[in-house]
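Undergrad: I'd like to ask you about the structure that follows.
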Amino acid sequence: MTKVLIAGFGSEGDTRPFTALAAGLLRHGMTVRVCGEASGAELAARHDVPYEVLDGDLRGSMATGELGAEAVRRRDGGITGLALFRRLARRHSRSWIETLAAAGEQADIIIGSGLVTYATVAAADLIGRPFVGASPVPITPTRAFPSVFAVPGTVPRRFNRFSHEIGARALWAAFRGATNSARADLGLGPMAFEWSEVPVLYGFSPSLLPAPPDWGTGLVVCGDWALPPSRDYVPPPDLVDFLAAGEPPVYVGFGSMTGFDSGRLVDTVVEGLDGRRAVLAGGWSGAQTATLPEAVFPIERAPHTWLLPQCSLAIHHCGAGTTHAVARAGIPSVPMPFVADQPFWARMLHERGLAPEPLRWRRLTAADVASGVAEALSPGMRAVAESMSLEMAQEDGVAAARHAIEQVLIEHAG
């Protein structure tokens with residue numbers, strides 16, 4: 001029986017796909033353990049995924065007034081975010097490596113993602129296990145499109161591949177000192193990391209974003225990894241009643257975003273909805289505490305796979321997980337990206353005919369919201385969304401990942 005260790009560290013949007021991958025691999029008969037940020041433990045437990053907590057509190061760092069919130073508020077090309085990553089790396093790199101190496105002793109292969117990627121490589125080196133990267137967003141350099149972290153519209157096509165390389169170097173620079181210091185303490189040599197040389201499992205849909213033609217065979221676009229509702233999930237009766245009481249509502253949610261005036265933003269969105277029924281998901285932003293009209297039902301959270309198919313469209317921040325959940329549900333989007341890879345997915349939704357032009361949250365007006373909603377609900381856009389849902393229903397991201405893992409192990413054994 002193949003034994004797999006999956007390591008990840010980030011917001012819920014970063015870690016949820018890997019909990020989903022782990023749950024799926026368990027159903028396929030593999031032995032799997034996940035190491036991740038403390039906030040992911042409850043979700044893993046709900047899906048019977050063995051989980052070990054890594055040092056560090058990203059959720060605390062993302063609170064308003066901390067560096068995570070500053071990354072949303074400031075326009076500095078990601079420098080604030082890199083400062084947060086550097087601080088986490090300095091505090092936790094050695095403990096991450098040691099924890100992952102201890103857990104990896106029982107594994108045949110180690111999969112690393114997010115902010116612990118470099119620590120996972122070090123742990124794999126320390127105990128002699130094959131390493132595979134994993135990501136819900138494209139990070140391997142390509143000429144097909146610019147880096148997902150580039151500011152939209154700023155990269156000429158001839159510089160697409162270079163933008164990926166610059167982004168990778170900037171991220172590695174935030175981790176290099178702490179990672180190589182910890183490696184030296186543990187008897188390992190310094191590491192030079194290039195994404196173009198690493199096999200990667202990609203947890204995004206090939207229907208939504210096909211693999212670029214200049215990617216090699218070690219890069220597998222599996223399809224997204226989504227969790228079904230947990231066995232013990234029971235929707236609140238008042239939410240069930242609300243959904244049954246009228247036409248399908250608009251879903252409004254901004255995930256784990258902080259660092260903005262959520263009350264003002266929600267007020268503007270509600271004004272733009274002009275009396276339409278809506279479900280407002282709170283996430284980390286605290287938006288669910290706003291004073292709302294009766295037509296808007298606030299929730300802390302609900303499984304996307306359960307809720308979104310009952311909605312008419314989604315106004316959302318375009319995190320990778322939410323983007324895929326909305327597309328898989330067969331409903332259009334009104335994109336409102338904030339930071340990181342969100343503008344990339346917003347642009348992808350628009351280019352595929354699944355969404356209008358992205359809204360700018362800093363300068364949002366009720367008229368913008370109303371216009372976006374009207375376009376999203378047009379028959380043409382709804383038809384495209386339904387067609388995309390049918391395409392994505394044919395994908396099996398877990399089965400594709402399992403096959404790729406088995407291939408890596410065969411090559412490693414040879």
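Undergrad: Where residues in the range 1-45 are of a type in the set (Asp, Glu) and touching a residue at least 40 places away in the same chain (Cβ under 8 Å), which of them is farthest from residue 121 (Cα to Cα)?
TA: 12
Undergrad: Give 143, 157 a once-over and let me know the one that is of a type in the set (Lys, Arg), in contact (Cβ under 8 Å) with a residue 24 or more places away in the chain and farther than 27 Å from residue 32 by Cα.
TA: 143
Undergrad: I would also like to ask the following. Scan the range 191-212 for residues that are modelled with pLDDT of 95 or more and either farther than 30 Å from residue 97 by Cβ or surrounded by fewer than 16 Cβ atoms within 10 Å (Cβ to Cβ) (or both) and jot them down.
TA: 205, 206, 207, 208, 209, 210, 211, 212, listed by residue number.
Undergrad: Yes or no: the range 351-367 includes at least one residue that is crowded, with 24+ Cβ neighbours inside 10 Å, modelled with pLDDT of 95 or more, more than 20 Å from residue 17 (Cβ to Cβ) and in contact with a Phe, Trp or Tyr (Cβ under 6 Å, 6 or more places away or on another chain).
TA: no
Undergrad: How many residues does the range 107-142 hold that are farther than 24 Å from residue 82 by Cβ and at pLDDT below 95?
TA: 0
Undergrad: Additional query: Among (1) in contact with a Gly (Cβ under 9 Å, 6 or more places away or on another chain); (2) in a helix (DSSP H, G or I); (3) under 20 Å from residue 82 (Cα atoms), which single condition is residue 173 missing?
TA: Condition (1) is where residue 173 drops out.
Undergrad: Related question: From the list 328, 382, which one is basic (Lys, Arg) and either modelled with pLDDT under 95 or surrounded by 19 or more Cβ atoms within 10 Å (Cβ to Cβ) (or both)?
TA: The match here is 328.
Undergrad: Hey, can you tell me all the residues within the range 296-318 that are within 13 Å of residue 252 (Cα to Cα), modelled with pLDDT under 95 and part of a loop (DSSP other than H, G, I, E, B)?
TA: 300, 301, 302, 317, 318
Undergrad: Anything in the range 24-40 that is in a helix (DSSP H, G or I), surrounded by 24 or more Cβ atoms within 10 Å (Cβ to Cβ) and aliphatic (A, V, I, L, M)? List them, or say none.
TA: Result: no residue meets the conditions.
Undergrad: Conditions first: (1) free of Cβ contacts under 8 Å to residues at least 60 places away in the same chain; (2) in a strand (DSSP E or B). Residue 134 passes all but one, so which condition is the exception?
TA: (1)
Undergrad: Within the range 334-352, is even one residue in a loop (DSSP other than H, G, I, E, B) and more than 27 Å from residue 151 (Cβ to Cβ)?
TA: No - not one qualifying residue is present in the range 334-352.
The values are calculated or read from the model by the stated rules, or taken from the named source; none is laboratory data. Small disclaimer: the values here were computed from a predicted structure and weren't measured. Counting neighbours? That spans all protein chains shown, and the Cβs are built from the backbone with ideal geometry, glycine included.
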